[in-house]
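A.B. asks: Have a look at this one.
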Amino acid sequence: MSISKELYPSQDDLLYEEELLRNPFSLKLWWRYLVARADAPFRKRAVIYERALKALPGSYKLWHAYLRERLELVRNLPINHSQYQTLNNTFERALVTMHKMPRIWIMYLVSLTEQKLVTRTRRTFDRSLCALPVTQHDRIWEPYLVFVSQRGIPIETSLRVYRRYLKYDPSHIEDLLEFLLNSELWQEAAERLAGVLNDDRFYSIKGKTKHRLWLELCDLLTQHATEISGLNVDAIIRGGIKKFTDEVGRLWTSLADYYIRRKLVEKARDIFEEGMTTVVTVRDFSVIFDAYSQFEESMLALKMEEMSDSEVKDEGSNGEVGAEEDVDEEDDRLNVAKLEKKLREFWLNDDKDVDLRLARLEHLMDRRPELANSVLLRQNPHNVEQWHRRVKLFEGNPTKQILTYTEAVRTIDPMKAVGKPHTLWVAFAKLYENHKDIANSRVIFDKAVQVNYKTVDHLASVWCEWAEMELRHRNFKGALELMRRATAEPTVEVKRRVAADGNEPVQIKLHKSIRLWLLYVDLEESLGSLESTRAVYEKILDLRIATPQIIINYAVLLEDHKYFEDAFKVYERGVKIFKYPHVKDIWVTYLSKFVKRYGKSKLERARELFEHAVEEAPADSVKPLYLQYAKLEEDYGLAKRAMRVYDQATKAVPANEKLSMYEIYIARAAEIFGVPRTREIYEQAIESGLPDKDVKVMCLKYAELEKSLGEIDRARALYKHSSQFADPRSDPEFWNKWHEFEVQHGNEDTFREMLRVKRSVSASYSQTHFILPEYLMQKDQMQTLEEAKDVLKQAGVADDEMAALERQLVPPENDIKKEQSRVVGFVSAGVVESNGQKVTANNEDIELPEGSDSEEDEKIEIAQKDVPDAVFGGLIRKRDEGDEAEDDSAAKNKDSDGPLGALERIKRRKQAS
C-alpha cells in the first residue's frame, strides 16, 4: 500500500525530525512537534501521534490528546461510519497500557453509549469495573446507570445492573425503586419499599420521610392489588394507621380500595365501617365517609347499568327461546347446563339487588349524624353536651335513648367531665317521667344522688329536680321527706370515716347547700306549719349559710303571722351577721318596717336604730338612710332635729352626692322654716369644699333666691364670687345669665364691672400672650389701652412689639365718640358730658314740686306688694289658722282710738278730704 506524499515530513519538519532522531523517547520533543503542526490535516497528525505512541506507549498525555482528536473527528459523522470502528480500536489499543486511567474508560464508555452498542457497552462497563480499583468505581457507576436507564435496554439487564449497584452503595435504593416503578415492576417495587420501611437505619438521600414512603407503599399496594402478592397488605396498612395518626382517614380508604380492587366488596364495606368507628377526628371521618358513600353510589350505578344491558339482551332472546320451549320442556330435567342456569336465577342468587343497594346507601346517609357524634365522643368521652346531642338524634326511639343515657352515665367521669354531668342523670329520669314510669324515674334519681360529683351544686341540683318531680305528681310528703334527707347533716362517725379515707365526697358538704335550703324552706312555707318553717330558718342561721334575702324573707314571714317583735329580732340578727354592702337592704327594710309599725310611739328606739345604721354605713351607702331618718323626724319628731339630720348627711355623703344632698336640705328648710333660713345653708354649702362645678351651681341657685327676695346687691356679689369657676370660653351659659341679670337690674358701672371680671377670669384660664389679641379685638370685651399694655408687659412682650400692638388697638375717634354716646338698656348712675355740659345721667330722678312739704296737698298712692308665702315657710299655716280668730277682734277694735300706723293715717286723711 503506497503512502501519500503529504504524509511524509516536509522541509519544515526536518528540524523536528532531526531532534527526534537524536532523542526519540523525549515526550517534550514529540509534543512540540504536534503543537507546531496543529494546523496540519488530521491524517498527518495521526501519523505523528502513532509514531510518538509507538516510542512512548505509556504516555497518558499523548493518548488523551489523540483520543480527544479522534472523538472530535467523529462528532458530526453518522453512527454507522467507519471512523467509529477506528475510534473504538484506538480506545482498545490505549487501554492496553491505560487500563488504570478512569478518564480513558469514561471517554470510551460514553462514546459506546452514544453508538448504541448495547452488548459491547455493557461488557466494556464490566471490564472497567474489573480493571479499576473500588475507590474509583463511583465514577463508572454514574454513566453506567445512565446507560441502563435508556430506552431499548432490556429490563432484565437494567435490573441486574441496579442490583449490582446496590451491593456497591445500598443508600441509592431509591434509584432502584424509581426504576422499578417506571418499569412497572410492582411486585419487586413493593417488596423493596417494604424492606426500606422496616430498616430503622435507612436514611433517604432524596429527603423523603418515612411518612411519605408509607403513603407511597400504601398507594402502590392498593392501586396494583391484583399484581402484588406475598405481602400482608392489611397488616402493613394497619401498621401505618397506628404509626401515622395524621393520615388515618387516607390509610383507611387505601385499605378499603385494596379490597375493592381485589373484588372483595363486603370486606371493603367492613373496612369502611371499622374506619368510621375508630377515627377520632372529624376530618378523617369526612374522608372515610365520602369515600364510602361514593363507593356505594358507584356500586348502585354499576348494577343499574348491568340490569339495563341484561334487559335488552333478554328481549332479543325471548322470541327464540319461546319457540323451542315447548319442544325441549321434557328434556330440561336431563340438561345439566339449564339446571345450573335455573339455580343461578334462584332468589337467593338474585343479582338484581338494586333495592338492597339503594337501601344500604340511604341507611348510610341517615347514619351520618350519629357517626359524626361518635367521632366527637371518641375525642372526649366526658363531653356532656355531645351526649345530649346524641340522645337528641334518637328522638322518637325511647329504647335507643335509654341505651344512650345508660352508656353516657357509665362512661363519664364527673371529675373529668366537660359540662355538667348531673344534667344527664336528670334528663334520664325525665325520660322515664315523660313516659309515665315514675318508679324507674325514682330509681334513676336515687342512683344519681349517690354519684361523687365535682361540685356540691351539681348534687344539690339533682335533689332539687327530684323534689320538683315529686311535686309535679302531687307527692308533697315525699318532696318534704326528700328535702329532709338532703339537708340532714352527716353523723360524726361518717365524718370520721371519710376523713380517714382522705377522699371527701360532695355528699358530706351537701347539708350546707343554700340551694337545697331555699327549696326546703319554700316547701315548708307552702306545705308545712309556721313552727316547722321557723325551725328550717333557724337551722339555716345556725349553719351560717343565710343570705340577706333569707333574713328578709324570714322576717316577712313572721310579720305576716303578726310576730312583729320576733321579726325585728331577725332583722337585728341580720345586721349583726352581715357587713356592707350586703346588709344595706336589711337596714332599709328593717327601718322602714319599724317606722311604719310604731311611728311616734317608739321614737327614741327608732332614733337609736337610725344612729346605729348611719354609723355603720359607708359614705356611698349612707344617703338613703339619712333621708329615712330625716323623714322620721319630720313626720314624728322635731323640725330642728330633722334639720340637724340633713346637716349631718351633707357632711357624711361622698363629694359626688353633696350637691344633691344640699339641694334636698335647702328644699326641706325652705318648706319648713321659710326661704330666709336657707341663706345660711347656701353659705355653708359654698364653703363646705364642694367641687368647683357644684359651687358654681349652688351660687347660681343662691343668686336666684336673693334676686327673688329683692336683694340685688347680694345676688350680684354671688355672681361675682361664682365667676371664678366659669371659663367664658367653655361656660357661656353662666355669663349669659349674669349679662341678663345686669341688663335687668344693673347700671353702666355694674355692667363694666361684669366685663372686667369676665376678662380677668378669661386671662386666668388661659395663657395671656396667646389669648390676649382675641379678646382685645372683641367689642364687648374692650379694655383700656393702659390695661392692655400692662398685660402685654407682664406677658414679656418687647416695647417695639407693644408699640405696634398699641397702634392696632387704638380705636378711631368716631368709634370713641359713638362708644361714649352709646346708651345701654339700663340707667347710668354717673354723670356724662353732652356738648361740653354736664348732664345728670339718671333721667328718672324724682323732681318734687314746690310746697311739697304740706301733707294735706300731697295725694300719693303707695303701691303695696304682698310678701311671698315662701318667706314664712311653715309659719304661714299657723297664721292662716289664727286669721279667723283675729278677724272678730280686729272688727271690734276698728273704731278704737288706739295708735295708728302711717298707712292707716294717710287712708283716713284721704277719706276725710
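The values are calculated or read from the model by the stated rules, or taken from the named source; none is laboratory data. Not measured: the values here are computed from a predicted model. Please note: Cβ atoms are built from the backbone with ideal geometry, for glycine as well, and neighbour counts cover all protein chains shown. Each accessible area value is taken on the protein alone, full model and side chains, heavy atoms only, with ligands, DNA and RNA left out. Shrake-Rupley method; radii C 1.70, N 1.55, O 1.52, S 1.80 Å.
A.B. asks: Across region 209-257, what is the number of residues that are assigned to a loop (DSSP other than H, G, I, E, B), open to solvent by 20 Å² or more (accessible area, probe 1.4 Å) and without any contact (Cβ under 8 Å) to a residue 40 or more places away in the chain?
C.D. replies: In the first step, residues of region 209-257 are kept if they are assigned to a loop (DSSP other than H, G, I, E, B); the result is 209, 224-232, 244.
Applying the additional criterion that residues be open to solvent by 20 Å² or more (accessible area, probe 1.4 Å) yields 209, 224, 226-227, 229-232, 244.
Subset that is without any contact (Cβ under 8 Å) to a residue 40 or more places away in the chain: 209, 224, 226, 232, 244.
The number of residues fulfilling the criteria is 5.
A.B. asks: Quick one: which residue in ALA65, ALA46, ALA40, ALA52 is outside any helix (DSSP H, G or I) and open to solvent by less than 50 Å² (accessible area, probe 1.4 Å)? Give the steps one after another, and end with the answer.
C.D. replies: Details: ALA65 fails: outside any helix (DSSP H, G or I); ALA46 fails: outside any helix (DSSP H, G or I); ALA52 fails: outside any helix (DSSP H, G or I).
Checking each option against the conditions leaves just ALA40.
A.B. asks: Quick one: MET754 ticks every box in (1) at pLDDT 80 or above; (2) open to solvent by less than 30 Å² (accessible area, probe 1.4 Å) bar one, so which box is it?
C.D. replies: MET754 satisfies every listed condition except (1).
A.B. asks: So LYS263 clears everything in (1) of a type outside the set (Val, Ile, Thr); (2) assigned to a helix (DSSP H, G or I); (3) on the phi > 0 side of the Ramachandran plot except one condition, right? Which one?
C.D. replies: So the condition that LYS263 fails would be (2).
A.B. asks: If you scan region 390-419, which residues turn out to be surrounded by 15 or more Cβ atoms within 10 Å (Cβ to Cβ) and either within 32 Å of the chain's Cα centre (by Cα) or assigned to a loop (DSSP other than H, G, I, E, B) (or both)?
C.D. replies: At the first step, the residues of region 390-419 found to be surrounded by 15 or more Cβ atoms within 10 Å (Cβ to Cβ) are 390-391, 393-394, 400-402, 404-405, 408-409, 412, 414, 417, 419.
Across region 390-419, the qualifying residues are ARG390, VAL391, LEU393, PHE394, ALA408, ILE412, PRO414, ALA417, GLY419.
A.B. asks: State which residue pairs qualify: first residue over 16 Å from GLU481 (Cα atoms) and inside region 505-524, second residue open to solvent by less than 50 Å² (accessible area, probe 1.4 Å) and hydroxyl-bearing (Ser, Thr, Tyr) in any location, beta carbons under 6 Å apart, and separation of 6 or more residues or different chains.
C.D. replies: VAL506/TYR453
A.B. asks: Quick one: how many residues across region 748-763 are farther than 12 Å from ARG716 by Cα and touching a residue at least 40 places away in the same chain (Cβ under 8 Å)?
C.D. replies: 2
A.B. asks: Here are some conditions: (1) aromatic (Phe, Trp, Tyr); (2) open to solvent by 90 Å² or more (accessible area, probe 1.4 Å); (3) more than 20 Å from PRO170 (Cβ to Cβ). TYR203 meets all but one. Which one does it not meet?
C.D. replies: (3)
A.B. asks: To continue, here is another question. Could you count how many residues in region 446-492 are aromatic (Phe, Trp, Tyr), open to solvent by less than 60 Å² (accessible area, probe 1.4 Å) and in contact with an Asp or Glu (Cβ under 9 Å, 6 or more places away or on another chain)? Steps first, please.
C.D. replies: Residues of region 446-492 that are aromatic (Phe, Trp, Tyr), as a first pass: 453, 463, 466, 476.
Those still in the list that are open to solvent by less than 60 Å² (accessible area, probe 1.4 Å) too: 453, 463, 466.
Add one more test, that the residue is in contact with an Asp or Glu (Cβ under 9 Å, 6 or more places away or on another chain), and what stays is 466.
Count: 1.
A.B. asks: Here is a follow-up. Of everything in region 433-454, what is in a helix (DSSP H, G or I) and within 40 Å of the chain's Cα centre (by Cα)? Give them in sequence order. Even if it seems obvious, please write down each step before you answer.
C.D. replies: Of region 433-454, the ones in a helix (DSSP H, G or I) are 433-434, 438-448.
If the condition is that a residue be in a helix (DSSP H, G or I) and within 40 Å of the chain's Cα centre (by Cα), then ASN434, ILE444, PHE445, LYS447, ALA448 are the ones that fit.
A.B. asks: Output the residue which, of all residues in region 593-641 that are open to solvent by less than 50 Å² (accessible area, probe 1.4 Å) and of a type in the set (Ser, Thr, Tyr), is nearest to the chain's Cα centre (by Cα).
C.D. replies: SER621
A.B. asks: Does LEU166 satisfy the criteria of being open to solvent by less than 60 Å² (accessible area, probe 1.4 Å), in a helix (DSSP H, G or I) and more than 21 Å from LYS116 (Cα to Cα)? Even if it seems obvious, please write down each step before you answer.
C.D. replies: Numbers: open to solvent by less than 60 Å² (accessible area, probe 1.4 Å): yes; in a helix (DSSP H, G or I): yes; more than 21 Å from LYS116 (Cα to Cα): yes.
So LEU166 fits the description; yes.
Per-residue answers, yes or no, for (1) in contact (Cβ under 8 Å) with a residue 40 or more places away in the chain; (2) in contact with a helix residue (DSSP H, G or I) (Cβ under 7 Å, 6 or more places away or on another chain); (3) of a type outside the set (A, V, I, L, M, F, W, C); (4) open to solvent by 20 Å² or more (accessible area, probe 1.4 Å):
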residue	(1), (2), (3), (4)
ALA667	no, no, no, yes
THR678	no, yes, yes, no
ILE681	no, yes, no, no
GLU704	no, no, yes, yes
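A.B. asks: Let me ask another. If I go through region 575-592 residue by residue, how many of them are within 22 Å of ARG644 (Cβ to Cβ) and either surrounded by 16 or more Cβ atoms within 10 Å (Cβ to Cβ) or under 47 Å from the mean Cα position of the chain (by Cα) (or both)?
C.D. replies: Pass one, region 575-592, residues within 22 Å of ARG644 (Cβ to Cβ): 587-588, 591-592.
From what's left, either surrounded by 16 or more Cβ atoms within 10 Å (Cβ to Cβ) or under 47 Å from the mean Cα position of the chain (by Cα) (or both): 587-588, 591.
So the count comes out to 3.
A.B. asks: Anything in region 73-106 that is open to solvent by less than 60 Å² (accessible area, probe 1.4 Å) and aliphatic (A, V, I, L, M)? List them, or say none.
C.D. replies: VAL74, LEU77, LEU87, ALA94, LEU95, MET98, ILE104, ILE106
A.B. asks: Follow-up. Go over the candidates LEU181, LEU176, LEU109 one by one and state the one that is farther than 28 Å from GLU69 by Cβ, part of a helix (DSSP H, G or I), touching a helix residue (DSSP H, G or I) at 6+ places or on another chain (Cβ under 9 Å) and open to solvent by less than 50 Å² (accessible area, probe 1.4 Å).
C.D. replies: Numbers: LEU181 fails: open to solvent by less than 50 Å² (accessible area, probe 1.4 Å); LEU109 fails: farther than 28 Å from GLU69 by Cβ.
It is LEU176.
A.B. asks: Can you name the residue in region 725-742 that is farther than 13 Å from LEU755 by Cα and in contact with a helix residue (DSSP H, G or I) (Cβ under 6 Å, 6 or more places away or on another chain) and, of all such residues, is most open to solvent (accessible area, probe 1.4 Å)?
C.D. replies: PHE725
A.B. asks: Then there's this: Tell me yes or no: at least one residue of region 744-751 is farther than 24 Å from ALA670 by Cβ and assigned to a loop (DSSP other than H, G, I, E, B). Outline the logic, then answer.
C.D. replies: Step one: filter region 744-751 for residues farther than 24 Å from ALA670 by Cβ, giving 746-751.
Applying the additional criterion that residues be assigned to a loop (DSSP other than H, G, I, E, B) yields 746-747.
For region 744-751, residues farther than 24 Å from ALA670 by Cβ and assigned to a loop (DSSP other than H, G, I, E, B): present.
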